[in-house]
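The values are calculated or read from the model by the stated rules, or taken from the named source; none is laboratory data. What you are looking at is a predicted structure, and each value in this text was computed from that prediction instead of being measured. All Cβ positions, glycine included, derive from the backbone under ideal geometry; neighbour counts span all protein chains shown.
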Amino acid sequence: MERGHMTTGFFLIAHDEFSGKVRIHPDLLLCGLVGAQIADLVIGGRLTMSGDRVTVVDPDVAGLDEMATLVLDSVAHDRETHTVRAWNDVLNQLLLDLTTSRLVADRILRKESARSLLGRRREHYPALDLVRARHPELELRAMFTDPATFTLPGAFTAAMIDTLGLDTLLEPGIERSVVRSIAGQAAEHLPGSLSQLRSGLAASVSAISLTIRR
């Protein structure tokens, strides 16, 4: 898991490379994409957390990709500061569209469309390059196997997976109890800004959980 690729990395971890479908609830995927992109910008020194609000440290978008530029510009040009949950509501679908477009453009996934029984068009993204499609998951699995190798992006991704309640993503091979234990330890060592971001994601998850149960 590398800085600059946390959003696409999370998507690929949550994605089935053969069916092209996401393996988790769509709302949790969207929340994870926003969390991953904000975390990427926090680690890169562009954003930080002030309490429960996302704030700008450096508004310069030079060297950033389209996804990072979208999020940084959105935060920088808003007159007010907002919570992670608020930004999730505003940015999640845009980030999903940019993420899938990037993975297709990079020839990691291919786009397929089909109509459901109700006539709705649904898009799937099977792997075009299986090695690159599986790389983020295999990299994260390796960190769980040897926690001493955790990078900061990997540690946040592990903590976010736990926060989103997605501890089955690394099954089979790593039991959910092991994922919870190691992810919890990773969360304890996150810098303050990333720890606050994780708390903001937890608030978003609580709202999502209420919607899912209805």
Item to check | Filter result (under 12 Å from GLY200 (Cα atoms) and either without any contact (Cβ under 8 Å) to a residue 40 or more places away in the chain or part of a helix (DSSP H, G or I) (or both)) within the stretch 37-52 | outcome: ILE38, ALA39, SER50
Checklist entry - Going by the structure shown, is ALA142 surrounded by fewer than 14 Cβ atoms within 10 Å (Cβ to Cβ), among the small types (Gly, Ala, Ser) and closer than 24 Å to GLU17 by Cα? => result yes
Checklist entry - From the list LEU166, LEU190, LEU197, LEU170, which residue is more than 26 Å from ASP16 (Cβ to Cβ) and not in a helix (DSSP H, G or I)? => result LEU190
Item to check | Criterion (at pLDDT below 95 and within 14 Å of ALA187 (Cβ to Cβ)) met by exactly one of LEU152, LEU164 | outcome: LEU164
Item to check | Residues that are out of contact with any helix residue (DSSP H, G or I) (no Cβ under 8 Å at 6 or more places or on another chain) and not charged (D, E, K, R), drawn from the stretch 129-163 | outcome: LEU130, VAL131, LEU138, THR145, ALA148
Next on the checklist: Among (1) loosely packed, with under 15 Cβ neighbours inside 10 Å; (2) modelled with pLDDT of 95 or more, there is one condition LEU70 misses while meeting the rest; what is its number?
Outcome noted: (1)
Checklist entry - ARG121: over 17 Å from GLY35 (Cβ atoms), in contact (Cβ under 8 Å) with a residue 40 or more places away in the chain and surrounded by fewer than 20 Cβ atoms within 10 Å (Cβ to Cβ), yes or no? => result no
Item to check | Odd one out for LEU28, checked against (1) over 20 Å from ARG132 (Cα atoms); (2) in a loop (DSSP other than H, G, I, E, B) | outcome: (2)
Checklist outcome for this item: LEU96: passes all of (1) surrounded by fewer than 16 Cβ atoms within 10 Å (Cβ to Cβ); (2) in contact (Cβ under 8 Å) with a residue 24 or more places away in the chain but (1)
Item to check | Qualifying positions in the stretch 98-157 - in contact with a strand residue (DSSP E or B) (Cβ under 7 Å, 6 or more places away or on another chain), in a helix (DSSP H, G or I) and within 24 Å of PRO172 (Cβ to Cβ) | outcome: ALA133
Next on the checklist: Cβ-Cβ distance below 8 Å, separation of 6 or more or different chains: which pairs start in the stretch 175-193 with a residue that is touching a residue at least 24 places away in the same chain (Cβ under 8 Å) and end on one that is surrounded by 15 or more Cβ atoms within 10 Å (Cβ to Cβ) and not in a helix (DSSP H, G or I)?
Outcome noted: VAL179/ASP167; VAL179/LEU169; VAL179/LEU170; ALA183/ASP167; ALA186/PHE150; GLY192/MET49; SER193/THR48; SER193/MET49
Checklist outcome for this item: Those residues of the stretch 12-59 that are within 23 Å of PHE150 (Cα to Cα), out of contact with any strand residue (DSSP E or B) (no Cβ under 8 Å at 6 or more places or on another chain) and surrounded by 15 or more Cβ atoms within 10 Å (Cβ to Cβ) come to a total of 13
Checklist entry - Take the residues of the stretch 169-200 that are over 19 Å from THR7 (Cα atoms) and among the polar types (S, T, N, Q): which is surrounded by the fewest Cβ atoms within 10 Å (Cβ to Cβ)? => result SER177
